[in-house]
Amino acid sequence: MDIRHLLISTLSLILTLNNCMVFADNKKSPATVEALVIFKCGTVNSPDRSLWSPGVDVNVKHQMVASCYLIRHKDGMMVWDTGIPEFVKSKPEGVTLAQGKIKLTLEQPFPEALKSFGIKPEEIDFLALSHMHADHAGNANAFATATWLVQEAEYDAAFGPLAKQLNFNPKTYEKLSHSKVIKLNGHHDVFNDGSVILIPAPGHTPGHQVLFVRLPSGPVVLSGDLWHFQSNWKFSRVPGFNYDPKQTADSMKAINALLIATGAKLYIQHDFVQNSQLPHAPDIIR
């Protein structure tokens with residue numbers, strides 16, 4: 001998706017969302033999203049923050065969190081991202097990647113945390129992943145009974161030769177090849193009421209996407225890996241390892257326009273500081 005089509009799509013979406021919100025306010029219609037539940041699904045540590053901000057904070061230690069989300073809607077339940085793979089829990093010292101530059105640790109896998117919350121993975125109606133990296137798709141296999149909502153470019157990358165180049169781990173999502181799948185080429189209104197919308201934001205990976213959720217308290221956008229922490233959002237810094245840096249920069253502009261136009265709050269999924277200030281399960285955000 002080039003910048004022209006991305007901006008046109010975003011503008012169309014902004015108009016749609018604003019119309020939905022105006023309608024909801026005028027008619028005092030009941031909220032269709034009942035709650036957003038945030039789960040801590042592992043940690044990501046690095047001795048060099050500049051991996052995500054080239055040329056800035058070289059050799060500065062950095063900690064991030066892997067977040068997973070449950071969206072409760074009057075017409076069903078949806079999971080957004082599934083966290084670090086379950087096998088990492090069996091490695092108390094963590095799992096090291098990228099030649100020692102990244103270490104993953106995990107206390108409780110997302111499917112287990114969801115069960116503790118009173119929901120079985122097979123009860124989930126929709127699964128959507130921001131992208132297929134293992135800290136986001138690590139437990140995707142547990143949700144193979146759900147309908148999978150994925151940008152077609154990401155689907156093709158996940159099951160094609162690009163998977164290795166993009167550092168995807170097909171074992172974490174191989175069961176999705178047998179799931180009911182809806183391949184997308186643009187934004188997608190999950191419940192057909194403007195309350196939960198998948199928005200393409202390619203660049204980090206070919207079919208990376210973000211999620212707009214209209215809560216009773218106001219709209220939020222879940223970032224995926226469009227941004228990893230606050231300073232990268234503030235300064236529009238693009239990680240050097242992204243699949244397409246220019247496309248990433250274009251996606252940042254489009255989503256920033258969406259945030260301004262809708263007044264949505266940005267939840268940066270990996271940002272340790274912001275996430276420490278947000279409720280986590282069993283607390284919920286309404």
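The values are calculated or read from the model by the stated rules, or taken from the named source; none is laboratory data. Source: prediction; values computed, not measured. Note that we place each Cβ from the backbone using ideal geometry, even for glycine, and neighbour counts take in every protein chain shown. With ligands, DNA and RNA removed, areas are computed over all heavy atoms of the protein, side chains included. Shrake-Rupley method; radii C 1.70, N 1.55, O 1.52, S 1.80 Å.
Name every residue in region 82-92 that is open to solvent by 10 Å² or more (accessible area, probe 1.4 Å) and either in contact with a Lys or Arg (Cβ under 9 Å, 6 or more places away or on another chain) or outside any loop (DSSP other than H, G, I, E, B) (or both), in order of residue number. Spell out the reasoning first.
Residues of region 82-92 open to solvent by 10 Å² or more (accessible area, probe 1.4 Å): 86-87, 89-92.
Within region 82-92, GLU86, PHE87, LYS89, SER90 qualify.
Identify, from the list ASP156, ASP135, the residue that is in a helix (DSSP H, G or I) and within 12 Å of the chain's Cα centre (by Cα). So the residue among ASP156, ASP135 that is in a helix (DSSP H, G or I) and within 12 Å of the chain's Cα centre (by Cα) is ASP135.
Any residue at all in region 215-223 that's of a type in the set (Ser, Thr, Tyr), within 20 Å of THR147 (Cα to Cα) and touching a Lys or Arg at 6+ places or on another chain (Cβ under 8 Å)? Spell out the reasoning first.
Of the residues in region 215-223, the ones of a type in the set (Ser, Thr, Tyr) are 217, 223.
If we keep only those that are within 20 Å of THR147 (Cα to Cα) too, we end up with none.
Scanning region 215-223, I find no residue that is of a type in the set (Ser, Thr, Tyr), within 20 Å of THR147 (Cα to Cα) and touching a Lys or Arg at 6+ places or on another chain (Cβ under 8 Å), so the answer is no.
For LEU106, the criteria (1) of a type outside the set (Phe, Trp, Tyr); (2) touching a Gly at 6+ places or on another chain (Cβ under 8 Å); (3) closer than 30 Å to ASP193 by Cβ; (4) open to solvent by less than 60 Å² (accessible area, probe 1.4 Å) hold in every case but one, which is (3). The residue list VAL79, VAL60, VAL95 contains one member that is in contact with a helix residue (DSSP H, G or I) (Cβ under 7 Å, 6 or more places away or on another chain), open to solvent by 10 Å² or more (accessible area, probe 1.4 Å), closer than 30 Å to LYS120 by Cβ and not aromatic (Phe, Trp, Tyr), which is VAL95.
Checking region 109-116 against the condition returns no match, with no residue being open to solvent by 10 Å² or more (accessible area, probe 1.4 Å) and assigned to a loop (DSSP other than H, G, I, E, B).
Of all residues in region 254-286 being assigned to a loop (DSSP other than H, G, I, E, B) and under 15 Å from VAL213 (Cα atoms), which is most open to solvent (accessible area, probe 1.4 Å)?
Going through the qualifying residues, I end up with ARG286.
Starting from residues that are in a strand (DSSP E or B) and basic (Lys, Arg), keep the ones in region 164-219 and report whichever is least open to solvent (accessible area, probe 1.4 Å). Top of the filtered list is ARG214. Per the listing VAL65, VAL58, VAL33, the residue uniquely among the aliphatic types (A, V, I, L, M), in contact with a Ser or Thr (Cβ under 8 Å, 6 or more places away or on another chain) and under 17 Å from VAL190 (Cβ atoms) is VAL33.
Taken together, the criteria exclude VAL238 from residues that are surrounded by fewer than 16 Cβ atoms within 10 Å (Cβ to Cβ) and modelled with pLDDT of 95 or more. Taken residue by residue, region 129-142 has no member that is of a type in the set (D, E, K, R), open to solvent by 60 Å² or more (accessible area, probe 1.4 Å) and under 27 Å from THR248 (Cα atoms). Each residue in region 50-93 was checked for being β-branched (Val, Ile, Thr) and under 21 Å from the mean Cα position of the chain (by Cα), and 6 pass. Screening HIS228 against (1) under 25 Å from THR105 (Cβ atoms); (2) in a helix (DSSP H, G or I) leaves a single unmet condition, (2). Based on what the data block shows, is THR145 among the β-branched types (Val, Ile, Thr), in contact (Cβ under 8 Å) with a residue 40 or more places away in the chain and either on the phi > 0 side of the Ramachandran plot or surrounded by 16 or more Cβ atoms within 10 Å (Cβ to Cβ) (or both)? It is false that THR145 is among the β-branched types (Val, Ile, Thr), in contact (Cβ under 8 Å) with a residue 40 or more places away in the chain and either on the phi > 0 side of the Ramachandran plot or surrounded by 16 or more Cβ atoms within 10 Å (Cβ to Cβ) (or both).
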